[in-house]
2 protein chains.
Amino acid sequence: MKRDTLKLLPPFASAGGDMARGADATREKLLAAAHELLVERGGGHVSVNDICGHAGANVAMVKYCFANKDGLFQALIDRITSGFIRDIECLDALALAAPEKLKRHVVGIVKNYVRYPYINRLINLQLLSADPDGVQHLANNFALPLRAWYGRLLKEGVARGEFRVIDPTLLFFTVLGMAEFYFTAQPLMRGAFARGKLSQSAIKRFIQHTTDMLLHGVLVPPPQRARARKSQ
Amino acid sequence: MKRDTLKLLPPFASAGGDMARGADATREKLLAAAHELLVERGGGHVSVNDICGHAGANVAMVKYCFANKDGLFQALIDRITSGFIRDIECLDALALAAPEKLKRHVVGIVKNYVRYPYINRLINLQLLSADPDGVQHLANNFALPLRAWYGRLLKEGVARGEFRVIDPTLLFFTVLGMAEFYFTAQPLMRGAFARGKLSQSAIKRFIQHTTDMLLHGVLVPPPQRARARKSQ
């Protein structure tokens, strides 16, 4: 992977730039290096030495910037999941109906998994670790705001007779599960169904399938929807 | 976890029995011990020494029965996923319409995740490992037969005007993703949404939600379905 592809990845855009200086610049370089190595290795093992070698940074800087490797990975998860939350804030700024918002949200989630194919593995490792602080951090910064957004969206859709009554917590698991497993299970995909790397057209079909399944799953079937609208 | 709870788990029913003898009996005891320790530790680290200590078996028996720890875990995955495949064969033996079969299948998948909460982690580790044989084995024994079953079920439902036209490979990822992520992400659930262990009533609500979402996702909306039936 060429270094300049990073310029396509907004959360790390400043990594190669001249804006950040000193420890901040090193912090960004370390995050960008970890990102690149995780992409290259499909989420496999990446050591502190690998990251520092790739970033051209002294190993001591990991301790200085993040306390340890777990702290570095935590910062990487934070950077990516805060992008998920920013995406829903941007969606809220648009004057869109709830079904269209939900659809665009799912497209965004899938595109984030394409961009950061290792994020599931990092999150799963964090979930499995014995560190309650890490899990609580992920809960506060990602799960709770996203669940709250689903709650508002569902309420809006139900009020307009468009959505069935659905538990926002369960929708949280459904949306993320539908989107993440396709990427987590890519080795199985390649072993069982399709050789070679995930193509752009395969991702397009997956997005179409997933948004169709989810919207059919959430929407009130058409005749009831028409009746609900008339009675308003 | 008491030893005798294993009797509730069909794949390991013979572990405590008198039927199996010698190496076969040890093999079963090691699988049952690995299962129990993985359940106890929520899929966390379990060593060969732990397993042998729990099974009351000599460490050399792991080498003899499974070559190594990976082989033991592979055998455990096989045992569980072959149960998934047996479940769909049993469903096929019943005279049920495609939507009812799909619904019962999802209930079965979720119940298997409840029974073997560590299976995702074992499978994910295998998917992430550099071992193409393990992935191919999982593909041949689990993914391909399950995808073939979705293919037949979808064809049957589409022919009867009940199901939308859906790619069976993508349905494979959707069903498993919807079912597995809820269990994989339980630490997040506890950190963000609900304290304490997963209750029976929470699992019941999750099953209801998941089967509702999936059937609404797959079924042709009612008015079109009625038209399709009339034109048959």
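Points to keep in mind about this one:
- Every condition in (1) touching a helix residue (DSSP H, G or I) at 6+ places or on another chain (Cβ under 9 Å); (2) charged (D, E, K, R); (3) more than 18 Å from A:Pro117 (Cα to Cα) is met by A:Arg86 except one, and the failing one is (1).
- Pairs linking a residue in the range A:53-64 that is within 12 Å of A:Ala34 (Cβ to Cβ) to a residue that is of a type in the set (Ser, Thr, Tyr), with Cβ atoms under 8 Å and 6 or more positions apart or on different chains, are A:Ala55/A:Thr26; A:Ala57/A:Thr26.
- Enumeration of residues in the range B:41-74 that are outside any helix (DSSP H, G or I), buried (at least 17 other Cβ atoms within 10 Å of the Cβ) and under 26 Å from the mean Cα position of the chain (by Cα): B:Gly43, B:Val46
- Pairs, first over 16 Å from B:Gly71 (Cα atoms) in the range B:22-39, second modelled with pLDDT under 95 and open to solvent by less than 40 Å² (accessible area, probe 1.4 Å), C-beta under 7 Å, six or more apart: B:Glu36/B:Leu6; B:Leu37/B:Val46; B:Val39/B:Tyr118
- Residue within the range A:116-135 that is assigned to a helix (DSSP H, G or I), charged (D, E, K, R) and over 22 Å from A:Leu198 (Cα atoms) present: yes
- Tally of residues being closer than 16 Å to B:Phe142 by Cβ and open to solvent by 20 Å² or more (accessible area, probe 1.4 Å) across the range B:91-107: 0
- Here A:Leu176 does not fit the description of being within 23 Å of A:Leu144 (Cβ to Cβ) and more than 7 Å from every other protein chain (Cβ to nearest Cβ).
- A:Gln232 being within 22 Å of the chain's Cα centre (by Cα), more than 23 Å from B:Gln208 (Cα to Cα), modelled with pLDDT under 90 and open to solvent by 10 Å² or more (accessible area, probe 1.4 Å): no
- Candidate set: the range B:201-216, residues that are more than 8 Å from every other protein chain (Cβ to nearest Cβ) and open to solvent by less than 40 Å² (accessible area, probe 1.4 Å); chosen: the one farthest from A:Ala143 (Cα to Cα): B:Leu215
- Only one entry of A:Leu188, A:Leu198, A:Leu170, A:Leu138 meets the criterion of being within 24 Å of B:Ala202 (Cβ to Cβ), out of contact with any Cys (no Cβ under 7 Å at 6 or more places or on another chain) and either more than 11 Å from chain B (Cβ to nearest Cβ) or open to solvent by less than 10 Å² (accessible area, probe 1.4 Å) (or both), and that entry is A:Leu138.
- Residue match in the range B:89-108 (condition: in contact (Cβ under 8 Å) with a residue 12 or more places away in the chain, part of a loop (DSSP other than H, G, I, E, B) and under 30 Å from B:Glu156 (Cα atoms)): yes
- Residue check, B:Arg121 touching a residue at least 40 places away in the same chain (Cβ under 8 Å), open to solvent by 40 Å² or more (accessible area, probe 1.4 Å), out of contact with any Pro (no Cβ under 6 Å at 6 or more places or on another chain) and within 10 Å of chain A (Cβ to nearest Cβ): yes
The values are calculated or read from the model by the stated rules, or taken from the named source; none is laboratory data. Since this is a predicted model, take the numbers as computed values, not measurements. Note: ideal-geometry Cβ built from the backbone for every residue, glycine included; neighbour counts use all protein chains shown. For accessibility, only protein heavy atoms count, side chains too; no ligands or nucleic acids. Shrake-Rupley method; radii C 1.70, N 1.55, O 1.52, S 1.80 Å.
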